[in-house]
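Scroll down for the structure; my scribbles are underneath it.
Each reported figure results from applying straightforward, stated rules to the coordinates on display, with no laboratory input. Remember, predicted model here, so these are calculated numbers, not experimental data. Quick reminder, even Gly has a Cβ in these numbers, built from the backbone with ideal geometry, and neighbours come from all protein chains shown.
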Amino acid sequence: MEAPAVTRHRRPFLAPLWLTMLAGLLVAVLVFVVYRASGTTLVVLVHAAEKDPGTIADPPISPEGEARAQRLAHLFGDSHPGTGLDAIYVSEDRRAQQTIAPLIDRLHLTAQTFSPEAAAGIIRAAVRAHSGGAVLVIAGGPAYVKLAEAVGVQATATDEPDVMYLATVPTFGQIRLVRLRL
């Protein structure tokens, strides 16, 4: 007796194997994409140095402010490969520019300047542009207040100028803060 024709030329059915391999590849791609997008950015928020008492609208920094600017340059200026700042953002006011000047000279970097009106979105822009990196942001007056609110700090323009905030901004989750004194 002869076997039925269907079983005589039967080939293995490989669809379950191919579907399993395709699903595995899809999961691997998804894990890679989520891993690449889940960086945590370190944002260091620094208040501009103390101003020299005077009556002009945009006063220069005081001698104490110059000393604090030098401490800031010493703190962030010794960068070894893979351990430095990725970017520096500074507001347009004179005190912020003078506060960051020693650090810029030491690192040979250019700071990205922003207006006080754009301060509210500068943290988001810095995190988007330097995901997983370290960013230093310096501002004074109303720009500092907007930046502090963006990372979750209730601040005023007259807050202690020697206070610095370290904010870890993850892609997913909440911002974590550490308050330090310079």
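Details
- Helix 119-129 and the long axis of the chain differ in direction by around 40°, with both axes built from C-alpha atoms.
- Stokes-Einstein translational diffusion, the stretch 134-177 - Kirkwood Rh over all Cα pairs, 0.890 mPa s, 25 °C, in µm²/s: 220 µm²/s
- Axis angle, to the nearest 10 degrees, between helix 63-77 and the longest C-alpha principal axis of the chain: 20 degrees.
- Spacing of the modelled spin labels on Leu19 and Val31, each 7 Å from Cα toward Cβ, amounts to 2.2 nm.
- A protection proxy built from the mean count of other Cβ atoms within 10 Å ranks the segments 21-28, 138-145, 163-170, 84-91, most packed first, as 138-145, 84-91, 163-170, 21-28.
- Spin-label model distance (nm) - Asp58 vs Thr168, 7 Å beyond Cα toward Cβ: 3.7 nm
- Size descriptor, Kirkwood hydrodynamic radius, that averages inverse alpha-carbon separations across the stretch 39-181, Å: 15.0 Å
- Taking every DSSP bridge with both residues inside the chain, close to 50 percent are antiparallel.
- Ordering of 127-137, 40-50 by packing is 40-50, 127-137, highest average first (other Cβ atoms within 10 Å, averaged per residue).
- Formal net charge of residues neighbouring Leu182 (Cβ-Cβ distance under 12 Å; K, R +1; D, E -1): 0
- Helix-only mean residue ellipticity at 222 nm for the chain, each DSSP H run of n ≥ 4 adding -39500 (n - 2.57), per residue, nearest 500: -13000 deg cm²/dmol
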